[in-house]
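Reviewing the structure listed below.
The values are calculated or read from the model by the stated rules, or taken from the named source; none is laboratory data. Worth saying up front: this structure is predicted, and the values here are computed from it rather than measured. Here the Cβ positions follow ideal geometry from the backbone for every residue, glycine too, while neighbour counts run over all protein chains shown. For the accessible areas, the whole protein counts, side chains as well, though only heavy atoms, and no ligand, DNA or RNA atoms are used. Shrake-Rupley method; radii C 1.70, N 1.55, O 1.52, S 1.80 Å.
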Amino acid sequence: MSPLLVKAGQGQTIVEVTPQSAGWTHVGFAAHRLAAGEHISLETGSRELCIVVLTGTVTVQAGEQTWDAIGKRASVFDDVSPYAVYVPLDTTVRITAVRDAEVGLCSAPATTKRPARLIEPASMTRSVRGQGANTRYVCDILPQTAEADGLLVVEVVTPSGHSSSYPPHKHDSDNIPLESSLEETYYHRLNPEQGFAFQRVYTDDRSIDEAMAVENHDVVMVPRGYHPVTMPYGYDGYYLNVMAGPKRTWYFKNDPAHEWLMTK
């Protein structure tokens with residue numbers, strides 16, 4: 001199995017990536033499933049956190065603030081943006097399921113104690129990228145225009161038979177404004193759930209060149225390199241992206257071998 005692929009488990013913690021387990025510096029991600037009435041508690045410590053209510057309904061307590069019964073999606077493939085909560089460093093968090101739920105916990109190092117805040121669906125920008133079989137649907141949950149120290153969070157739906165994060169692009173060099181250096185995780189969901197996607201992660205010199213069959217709830221880690229995704233016919237794909245790096249800005253470079261696709 002590829003060292004960049006983290007397989008999903010069956011317990012409350014579906015999958016988890018830490019800087020230590022990934023061998024990098026910035027991005028952390030975990031997905032949890034909670035039955036109604038169940039909860040998880042954590043301390044953010046020296047990191048900021050973006051809680052994404054992927055499905056179901058939860059109550060979130062962050063320090064002295066509480067947001068009751070947020071989240072309404074039955075599926076990540078519903079045509080509606082999620083609820084999310086931004087939580088700063090040094091904060092106690094408790095997430096309780098009002099009804100069966102799945103939450104994504106996205107984190108990165110932070111130095112600023114910003115106020116915790118609810119990020120409502122209506123505040124998120126939704127857009128369509130690409131054309132033809134490269135069309136995909138994007139929701140910016142925590143973009144670089146929103147306040148945070150390091151986190152960037154976005155979700156993408158890729159229809160059956162389409163490609164995404166394509167033409168292949170990378171963001172692993174501190175060469176702004178041509179390219180920024182950002183670690184990234186992809187948390188994959190498939191519809192129907194028995195499906196699979198393909199994701200390749202590769203560098204120009206092929207020091208990394210991994211091609212992975214990705215199943216429902218799996219995570220792909222992208223420490224550097226290009227990272228396209230392809231959906232086989234009959235299955236729609238969803239992924240939640242978490243990015244962070246030395247500078248909180250997203251500039252990417254297309255693979256020159258495939259950049260001709262941008263002119264079609």
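Accessible surface for Trp67 stands near 40 Å², nearest 10, in the context of the full protein assembly shown (1.4 Å probe). Using a cutoff of 8 angstrom between alpha carbon atoms and counting only pairs six or more residues apart, the relative contact order for the stretch 201-244 works out to 38 percent. The lysines within cross-link reach of Lys113, meaning a Cα-to-Cα straight distance under 25 Å and a gap of 8 or more places when in the same chain, are Lys247. Shape call for the stretch 96-148 from the C-alpha gyration tensor, a ≥ b ≥ c root eigenvalues: rounded (a/c under 1.5), prolate (a/b greater than b/c) or oblate? Oblate.
Sort the stretch 150-220 into rounded, prolate or oblate with this rule: let a ≥ b ≥ c be the square roots of the eigenvalues of the Cα gyration tensor; rounded if a/c is under 1.5, and if a/c is not under 1.5, prolate when a/b is larger than b/c, oblate otherwise.
On the way: a/c = 2.12, a/b = 1.61, b/c = 1.32.
Here the stretch 150-220 falls in the prolate category.
Classified by the C-alpha gyration tensor, the stretch 1-78 has an oblate form. Its axis ratio a/c, with a ≥ b ≥ c, is 1.5 or above, and a/b does not exceed b/c. On the chain, 50 percent of the accessible area sits on carbon and sulfur atoms, based on a 1.4 Å probe. Karplus-based coupling profile of the stretch 47-61, in residue order and whole Hz: 10, 8, 9, 10, 8, 10, 7, 5, 8, x, 9, 9, 10, 10, 10, with θ = phi - 60° in 6.51 cos²θ - 1.76 cosθ + 1.60 and x standing for Gly or Pro. Residues within the reach of a label modelled at Thr145 (point 7 angstrom out along Cα to beta-carbon, backbone nitrogen below 11 Å), restricted to the stretch 112-138, are 124-126. Bridging of Lys253 to aspartates and glutamates at a Cα separation below 14 Å is possible for Asp172, Asp174, Glu179, Asp204, once same-chain residues fewer than 8 apart are set aside. At a Cβ-Cβ separation cutoff of 4.7 angstrom, cysteine residues of the chain with no neighbouring cysteine are Cys139.
Using 0.36 nm per residue and subtracting the Cα-Cα separation, the extra length available between Thr18 and Asp205 on full extension is 64.7 nm.
So what is the relative contact order of the chain, in percent, for Cα pairs below 8 Å that sit 6 or more residues apart? Intermediate results must be reported in sequence, preceding the final value.
Details: 733 pairs, mean separation 53.5, N = 264.
Worked out over the chain, it gives 20 percent.
Tell me, what is the 1.4 Å probe accessible area of Asp174, in Å² to the nearest 10? Ignoring ligands and nucleic acids, Asp174 comes out at about 100 Å².
Per-residue ellipticity at 222 nm for the chain, helices alone: DSSP H runs ≥ 4 residues times -39500 (n - 2.57), over residue total, nearest 500 deg cm²/dmol?
Working: 1 runs with 4 residues, N = 264.
My calculation for the chain gives 0 deg cm²/dmol from helical runs alone.
With just the Cα atoms defining each centre, how far is the stretch 119-180 from the stretch 198-230? Give it in Å. Taking the Cα centre of the stretch 198-230 as reference, the centre of the stretch 119-180 is 17 Å away.
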